[in-house]
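What follows is a short report on a single structure.
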Amino acid sequence: MLDQDILDDAARLLSELQARGLTLATAESCTGGLIAAALTSVAGSSATLLCGFVTYSNASKAAMLGVEPGVISTEGAVSESVARAMASGAQSRSGADMAVACTGVAGPGGGSATKPVGLVHLAAAGAGGQVLHRRCVFPGDRQAVRAATVREAFALIRALRG
């Protein structure tokens with residue numbers, strides 16, 4: 001499922017984070033754990049990756065990450081607000097230095113005019129309450145959208161750590 005370039009990038013990212021002594025948590029919806037899977041494919045990843053939350057349902061986003069159900073009701077699970085709340089919740093509940101989160105429409109169904117297939121919101125939370133967000137619309141089938149989301153999650157972690 002994961003291309004070798006993603007696995008190689010996971011190894012580079014872990015090395016970069018380990019060199020700075022940083023820990024990480026993930027909060028995933030549309031990727032179903034692929035970000036964590038890529039990271040844990042690397043020996044020694046436990047020095048950096050503390051945990052991964054797979055919160056596919058709205059109820060699990062609320063229960064496990066503290067995402068306010070009202071935000072989900074108002075803006076939808078696939079939104080900037082939910083991605084930001086997922087990242088912040090994963091960071092605070094794991095005790096990690098940073099966390100990355102994603103929520104999106106991987107397809108082939110489930111899209112709409114305002115939230116098309118391929119739409120993904122990602123967020124990364126770090127020290128001092130800093131949260132970065134990216135809205136992406138990835139082309140391709142379900143597998144391509146999920147793989148592109150993993151790549152973008154790694155890029156967002158790098159952007160957050162500076």
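The values are calculated or read from the model by the stated rules, or taken from the named source; none is laboratory data. Predicted model only: the values in this text are computed from it and were never measured. Positions of Cβ are backbone-derived with ideal geometry, glycine not excepted, and every protein chain shown enters the neighbour counts. For the accessible areas, the whole protein counts, side chains as well, though only heavy atoms, and no ligand, DNA or RNA atoms are used. Shrake-Rupley method; radii C 1.70, N 1.55, O 1.52, S 1.80 Å.
Things worth noting here:
- Dipole in debye (nearest 20) - segment 13-107, about Cα centre, beta carbon charges: Lys, Arg +1; Asp, Glu -1: 140 debye
- Our estimate of slack between Ser112 and Arg93, defined as 0.36 nm per intervening residue step minus the Cα-Cα distance, is 3.6 nm.
- With a simple spin-label model that places each label point 7 Å from the Cα along the Cα-to-Cβ direction, the separation between Arg158 and Gln18 comes to 1.8 nm.
- Sulfur and carbon atoms: percent of accessible area, segment 1-130 [1.4 Å]: 54 percent
- 222 nm mean residue ellipticity, helices alone, for the chain (DSSP H n ≥ 4; -39,500 (n - 2.57); rounded to 500): -14000 deg cm²/dmol
- Between the entries (1) -0.42; (2) -0.37; (3) -0.49, the label attached to log10 I(q)/I(0) by the Debye sum over Cα atoms at q = 0.11 Å⁻¹ calculated for this structure is (2).
- Using 0.36 nm per residue and subtracting the Cα-Cα separation, the extra length available between Gln130 and Glu75 on full extension is 17.7 nm.
- Per residue value of the accessible surface for segment 31-119 (all protein chains in place, 1.4 Å probe), Å²: 41 Å²
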